[in-house]
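What follows is a short report on a single structure.
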Amino acid sequence: MIQQKRQHGKPSGENNTVTNVLFVGVGGQGTLVASKIMVEALLKAGFDVKKSEIHGMAQRGGSVISQVRFGPVVYSPLIRYGEGDIMVSFEQLEALRYLDYLHRDSLIFLNDQKILPPSVSMGIEVYPENIFTTLKSRFKNTFLIEGLQVAQNAGNARVLNIVLLGVLSRHLALDEKTWIETLREKLPPSLIDVNVRGFLLGREYEPAAVS
Amino acid sequence: MKQMLSGNEAIARGAYEAGVTVSTGYPGTPSTEIMESLLQFKEIAVEWCPNEKVALEVGSGASLAGARALVVMKHVGVNVAADPLLTLPYIGVKGGLVLVTADDPNMYSSQNEQDNRHYARFAKVPMLEPSDSQEAKDFVKIAFSLSERFDTLTMLRTTTRISHSESIVRPGRIQKASTASGPLKNPQKHVMVPVNARDRHRQVEKRMRRLAAFAESFPANRIEWNKKDRGIITSGTCYQYAKEIFTDASFLKLGMVYPLPVKMIEYFARQVKNIYVIEELDPFLEEQIRSLGIKVLGKSLLPVCGEYNPDIIAEGIKDDSRPKAKRKGKKASIPDRPPNLCPGCPHRGIFYSLNKLKVFVTGDIGCYTLAYMPPLHSLDTCVCMGAGIGQAHGVEQAIKGDALGKVAAVIGDSTFFHSGITGLLNSAYNRGISTVIILDNRFTAMTGGQDHPGTGITMRGEQSHAIDYFQFCHALGVRTVRKVDPYNLEEVFMTIKEEVNRPEVSVIISEAPCILNRREYTPFPFRYEIAAAACTGCRRCLKLGCPAIGWKEIRSRDEKKGKKLKAGVAEIDPLLCIGCSMCSQVCNEAAITASSGKR
């Protein structure tokens, strides 16, 4: 069971507490859709929200980062180094790329997928080993998620992004109803059922006890 | 109802609320989504123009006829539109005319980092700069009313961070679209011959003084008082970063970055002890404020280059009110994921052949610019849209006969219509010998697949006239125009070889739809696979730079004694391969074959 210190976003006396969430991954994994659903749910729940990402030259296969900040009042759309509270990493290597944004107590959800960058598949560079262990040693709240497996259980590997959103959702002060409503409103009708299934499986997911 | 909108979506929404009926532009990151988002409003005539100059001229015509017109482009697009831009303020407007420039600090998808605030000063027009999506929407509406009130084109500047960030927007009242009553004759005001223009220039100067006076009481220029030992003058996204960092400072937040509210700045400066100007790119505000005799700190602490973020500002202006974030110094080497031509990209065959032929390739702006990287390594220049064709001609003029067989220009289809035509006309007219390769992938690929005169389909999806490249090039004076299938490497190689050696201008049209072009791309029937036993590890297929082809090292060197040991074999990722067959064409060992498994 994941230790929950506090539910992020819950007003807890600290009045202007802004929660910072990073979605990182590889172009094509659905990172941007996941963060879009999240900000729509946060808006529904009454938070001030900002989201920032860059599109353009990052074509398919490029590194993608989407930053979401929410709280009573949010100014900067960008997260400061060392102030990221939660990172959802859709791909293992990508988690390493953005560690500057994290602090000791940051929550990391690490999808176990590996996607080889061109320099690795060409045999020029090496894909780092034991990423989970490396992360865990520095950030105790790191959890390995078998996202693709869960997505396949939901019925389609492509709902990986919503599965990971489901995993994240347990740690945010939003009720399940808001999430499901948002999914229903923002996704094309034919994809709603499988995504809701994926979301709920993610929400119930217990990370394996990996040492 | 409140909505999460990107800055670009908010600008489109603002145009709709302002009653805009005509909108024009040319696609370019980070501005593209403004026009695309306008498509949802059926009452607006939206169109992609061949280039930004045309877009602004169309907008000006619409304005003279009484419509409110929005013209949209990226920062470098304004360079193309600069000719009309610098004279339009002389003739003024009838319906409001707003030009959106989307700047790209950090050059996420651009060739330079120019600061288009200079254009406001250069063209003598007011410029607004929003700092989030709500302001982006509201400022568009304000820009239209300023445009009509002061009888001038008005600019709105965004940056990539504003355009592509989302924040909450409250929709506003929708103003009724003005009924365009048609243009009125007014030659003294509209016909810029010297005698009229001299008078109009005086009017422009008068108008700027009126605008400067207006800026003093413009509500979007505002002071937020707090402690007075630190005063910050800022605008745009930097305002948000600074508010995040300096929680107890006083702010002068500029919604209009040109002309400046001089009295307001002087008043602010008298009240606060130390003044910091926080602005990305050039010291545009800083230099003007210094010229008022006010001491400020800005670029001596903060960089001119690149995009800002809260950390850069906090580090530059030391005493941060929050504990400084520790950045972990040394980074383990993390392999990059650079942008790359997609697996099966039709450009690949052209650049593979150009590399083999060792010609100097004057290039252009588009996905194909990526061919400069190894292993294709076959694009030698990239300056601006259309530049490659002129450069190729310049090279041959410089080295004369030695250029034969050694120079070619490449240009995309959309880029050719944007600003390649005049270059080609020049080469043909001035008896050049260049070979111009038009990479026709049937839409504007780099910015997400917009239509253009070559596709014959309008932005609203209506059927129009598709240009005939053969007739068109012949009309420009090019006698030899040849079409190649870029997936047929032999044909590509031979055609380029013949044409670069032809002592006159010729055009090669490489025609195949981008693999992301849903309308025209037909999937290939098979994937390809490599028989590991047949692969000799020669790496020839890797020279294509296809993301689907990888290298597998063979570590144990003691196997199969007597046979020549190979260092490794190439492998095809079946999930990435789309079956273009180029790798199988370059393999000398017949190791790469169509896979039995259908796609």
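One line per residue, one yes/no per condition, for (1) facing chain B (nearest Cβ under 10 Å); (2) more than 27 Å from B:Ser109 (Cα to Cα); (3) modelled with pLDDT of 85 or more; (4) assigned to a loop (DSSP other than H, G, I, E, B):
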| site | (1), (2), (3), (4) |
| --- | --- |
| A:Asn20 | no, no, yes, no |
| A:Ser35 | yes, no, yes, no |
| A:Lys50 | yes, no, yes, no |
| A:His55 | yes, no, no, yes |
| A:Val88 | no, no, yes, no |
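With respect to A:Gly61, determine if the residue is closer than 22 Å to A:Lys114 by Cα, out of contact with any helix residue (DSSP H, G or I) (no Cβ under 9 Å at 6 or more places or on another chain), at pLDDT below 95 and facing chain B (nearest Cβ under 10 Å).
Spelling it out, it is not the case that A:Gly61 is closer than 22 Å to A:Lys114 by Cα, out of contact with any helix residue (DSSP H, G or I) (no Cβ under 9 Å at 6 or more places or on another chain), at pLDDT below 95 and facing chain B (nearest Cβ under 10 Å).
Looking only at the range B:423-466, count how many residues are surrounded by fewer than 21 Cβ atoms within 10 Å (Cβ to Cβ) and at positive phi.
5
(1) of a type outside the set (Asp, Glu); (2) more than 33 Å from the chain's Cα centre (by Cα); (3) closer than 28 Å to B:Ile365 by Cβ: which one isn't true of B:Pro187, the others all being true?
Just one mismatch for B:Pro187, condition (3).
Since B:Val140 meets every condition but one in (1) within 14 Å of B:Glu9 (Cα to Cα); (2) away from chain A (no Cβ under 14 Å); (3) surrounded by fewer than 21 Cβ atoms within 10 Å (Cβ to Cβ), which condition does it not meet?
Single failed check for B:Val140: (3).
Looking at B:Val304 and the list (1) modelled with pLDDT of 95 or more; (2) of a type outside the set (Gly, Ala, Ser); (3) touching a helix residue (DSSP H, G or I) at 6+ places or on another chain (Cβ under 9 Å), which single condition is not satisfied?
If we test B:Val304 against (1) modelled with pLDDT of 95 or more; (2) of a type outside the set (Gly, Ala, Ser); (3) touching a helix residue (DSSP H, G or I) at 6+ places or on another chain (Cβ under 9 Å), just (3) comes out false.
Take residues that are surrounded by fewer than 16 Cβ atoms within 10 Å (Cβ to Cβ) and tell me which of the strands (runs of 3 or more DSSP E) falling wholly in the range B:201-270 contain 2 or more.
Fully inside the range B:201-270 and qualifying: B:222-224, B:227-235.
Considering only the range B:32-91, state which residues are among the basic types (Lys, Arg) and either in contact with a Leu (Cβ under 6 Å, 6 or more places away or on another chain) or not in a helix (DSSP H, G or I) (or both).
B:Lys42, B:Arg68, B:Lys74
Name the residue, out of A:Lys44, A:Lys50, that is more than 12 Å from the chain's Cα centre (by Cα), surrounded by 23 or more Cβ atoms within 10 Å (Cβ to Cβ) and of a type in the set (D, E, K, R).
Checking each option against the conditions leaves just A:Lys50.
State which residue pairs qualify: first residue within 12 Å of B:Glu266 (Cα to Cα) and assigned to a loop (DSSP other than H, G, I, E, B) and inside the range B:284-299, second residue β-branched (Val, Ile, Thr) and modelled with pLDDT under 95 in any location, beta carbons under 6 Å apart, and separation of 6 or more residues or different chains.
none
Yes/no matrix, rows are residues, columns are (1) modelled with pLDDT of 95 or more; (2) among the polar types (S, T, N, Q); (3) over 16 Å from A:Gln113 (Cα atoms); (4) under 17 Å from the mean Cα position of the chain (by Cα):
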| position | (1), (2), (3), (4) |
| --- | --- |
| A:Val150 | yes, no, no, yes |
| A:Val167 | yes, no, no, yes |
| A:Lys177 | yes, no, yes, no |
| A:Glu185 | yes, no, yes, no |
| A:Ile192 | yes, no, yes, no |
| A:Val196 | yes, no, yes, yes |
| A:Phe199 | yes, no, yes, yes |
| A:Pro207 | no, no, no, yes |
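So which residues in the range A:99-116 are under 22 Å from A:Gln67 (Cβ atoms), assigned to a loop (DSSP other than H, G, I, E, B) and at the interface with another protein chain (Cβ under 9 Å from one of its Cβ atoms), if there are any at all?
A:Ile115, the sole residue that qualifies.
Out of the residues in the range B:566-594 that are within 14 Å of another protein chain (Cβ to nearest Cβ) and assigned to a loop (DSSP other than H, G, I, E, B), which is surrounded by the most Cβ atoms within 10 Å (Cβ to Cβ)?
Ranking the candidates gives B:Cys577 first.
Is at least one residue of the range B:495-502 part of a loop (DSSP other than H, G, I, E, B) and among the acidic types (Asp, Glu)?
Checking the range B:495-502: not a single residue is part of a loop (DSSP other than H, G, I, E, B) and among the acidic types (Asp, Glu).
Of the numbered conditions (1) under 22 Å from B:Ala403 (Cα atoms); (2) touching a Cys at 6+ places or on another chain (Cβ under 7 Å), B:Arg502 satisfies every one except a single condition; which is it?
It is condition (2) that B:Arg502 fails.
Tell me, please, whether a residue that is closer than 23 Å to B:Tyr372 by Cα and away from chain A (no Cβ under 14 Å) can be found in the range B:539-562.
no
Output the number of the condition that B:Gly182 fails; it satisfies all remaining conditions of (1) surrounded by 19 or more Cβ atoms within 10 Å (Cβ to Cβ); (2) at positive phi; (3) of a type outside the set (Lys, Arg).
With respect to (1) surrounded by 19 or more Cβ atoms within 10 Å (Cβ to Cβ); (2) at positive phi; (3) of a type outside the set (Lys, Arg), B:Gly182 is out only on (1).
The values are calculated or read from the model by the stated rules, or taken from the named source; none is laboratory data. This one's a predicted model, so the numbers in the text were calculated from it and none came from an experiment. Note: ideal-geometry Cβ built from the backbone for every residue, glycine included; neighbour counts use all protein chains shown.
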